[in-house]
1. Scan region 254-282 residue by residue and report those that are under 22 Å from Gln123 (Cβ atoms) and buried (at least 23 other Cβ atoms within 10 Å of the Cβ).
2. So Lys139 passes all but one of these: (1) at pLDDT 85 or above; (2) open to solvent by 40 Å² or more (accessible area, probe 1.4 Å). Which condition number does it fail?
3. Restricting region 111-136 to residues that are assigned to a strand (DSSP E or B) and open to solvent by less than 50 Å² (accessible area, probe 1.4 Å), which is farthest from Gly197 (Cα to Cα)?
4. Return yes or no: is Lys180 out of contact with any Leu (no Cβ under 8 Å at 6 or more places or on another chain) and farther than 18 Å from Gln85 by Cα?
5. So which residues in region 247-268 are of a type outside the set (S, T, N, Q) and more than 15 Å from the chain's Cα centre (by Cα)?
6. Can Arg244 be described as open to solvent by 60 Å² or more (accessible area, probe 1.4 Å), more than 30 Å from Leu120 (Cα to Cα) and either among the aromatic types (Phe, Trp, Tyr) or outside any loop (DSSP other than H, G, I, E, B) (or both)?
7. If you go through region 206-213 one residue at a time, do you hit one that is touching a residue at least 40 places away in the same chain (Cβ under 8 Å), outside any loop (DSSP other than H, G, I, E, B) and not aromatic (Phe, Trp, Tyr)?
8. Checking Asp91 against (1) at pLDDT 80 or above; (2) open to solvent by 30 Å² or more (accessible area, probe 1.4 Å); (3) more than 27 Å from Gln264 (Cβ to Cβ), which single condition isn't satisfied?
Amino acid sequence: MLQKPRSRGRPSAQAERVREGGRGGDGRAPRGGVAEEAPSTSRGPGGSQEARCPSSQGGRRAEASPAVGPRSQKQLELKVAELVQFLLIKDQKKIPIKRTDILKHVVGDYKDIFPDLLKLAAQRLEYVFGYKLVELEPKSNSYILINTLEPVEEDAEVRGDQGTPTTGLLMIVLGLIFMKGNTIKETEVWDFLRRLGVYPTKKHLIFGDPKKLITEDFVRQRYLEYRRIPHTDPVDYEFQWGPRTNLETSKMKVLKFVAKVHNQDPKDWPAQYCEALADEEARARPETGGPAPSS
């Protein structure tokens with residue numbers, strides 16, 4: 001499921017202040033991706049902005065951050081999620097979606113930041129759901145969603161999948177696990193996914209039953225390990241990577257996915273980059289028996 005990726009071009013500059021908290025105040029990472037919470041989990045030196053691994057050059061890219069207006073973080077998140085759901089539903093009829101309909105039924109008094117909202121929604125559609133939002137014709141103000149499930153070689157290692165609609169969700173969960181130190185509570189996963197419009201108790205247009213997909217299907221396929229956390233009240237569970245994930249992808253590929261979603265460099269997360277680099281080096285060593293296990 002993870003071995004034959006599909007192409008994902010780098011998204012255009014995003015309305016990055018939508019992201020809550022920022023990374024040390026730089027506010028560069030866009031919303032709608034996989035690791036908004038990841039920077040706080042970095043195990044690197046406090047305040048470090050550079051990966052300090054052997055033979056690596058830290059280096060951060062400076063990128064412009066268009067302002068999105070004085071709305072609250074929660075308001076912006078909800079509006080992007082609403083726009084994504086509207087586009088997915090309208091696309092079911094395969095009729096071009098008019099900008100006037102989007103403005104009328106979704107955007108409302110957010111018209112002043114409509115371009116930023118549309119960019120964020122387009123990014124989420126591509127990385128989470130596997131659809132690319134394109135304008136039907138230049139200056140037509142009509143849009144369609146293109147199913148981009150066919151893999152293309154040039155972006156193979158970043159996506160790390162076969163191009164199925166559910167793989168975007170799997171990559172997000174794998175990214176959350178890795179960025180949180182290789183273990184994450186189930187409650188934290190759902191707190192994050194709710195911000196993408198994915199709820200454990202609601203049927204989803206693309207994913208069907210998201211809770212069953214994550215806690216049963218991905219677990220049965222051995223992409224995830226799902227365990228009850230002892231002595232928790234209320235009862236909570238935790239996720240880790242399963243053995244199939246370690247065989248079909250790698251920490252570096254997942255980190256590249258996270259970085260690509262945020263239009264950043266993997267080295268922007270020093271602790272995770274060093275861990276992924278060590279994992280790559282371990283995988284490159286000659287095998288003495290079976291496949292080398294990932295730490």
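1. Val254, Leu255, Phe257, Val258, Ala259, Val261, His262, Lys267, Asp268, Trp269, Gln272 - these are the residues of region 254-282 that are under 22 Å from Gln123 (Cβ atoms) and buried (at least 23 other Cβ atoms within 10 Å of the Cβ).
2. All conditions pass for Lys139, except number (1).
3. The qualifying residue farthest from Gly197 (Cα to Cα) is Val134.
4. Here the answer is yes, as Lys180 does meet what is asked.
5. Those that are of a type outside the set (S, T, N, Q) and more than 15 Å from the chain's Cα centre (by Cα): Leu247, Glu248, Lys267, Asp268.
6. Yes; evaluated as a whole, the condition is true for this residue.
7. Yes: region 206-213 contains one or more residues that are touching a residue at least 40 places away in the same chain (Cβ under 8 Å), outside any loop (DSSP other than H, G, I, E, B) and not aromatic (Phe, Trp, Tyr).
8. (2)
The values are calculated or read from the model by the stated rules, or taken from the named source; none is laboratory data. Since the model is a prediction, treat every value here as computed from it, not as a measurement. Using ideal geometry, Cβ is built from the backbone for each residue, glycine included, and neighbour counts are taken over all protein chains shown. Side chains included, ligands, DNA and RNA excluded: accessible areas come from the protein's heavy atoms. Shrake-Rupley method; radii C 1.70, N 1.55, O 1.52, S 1.80 Å.
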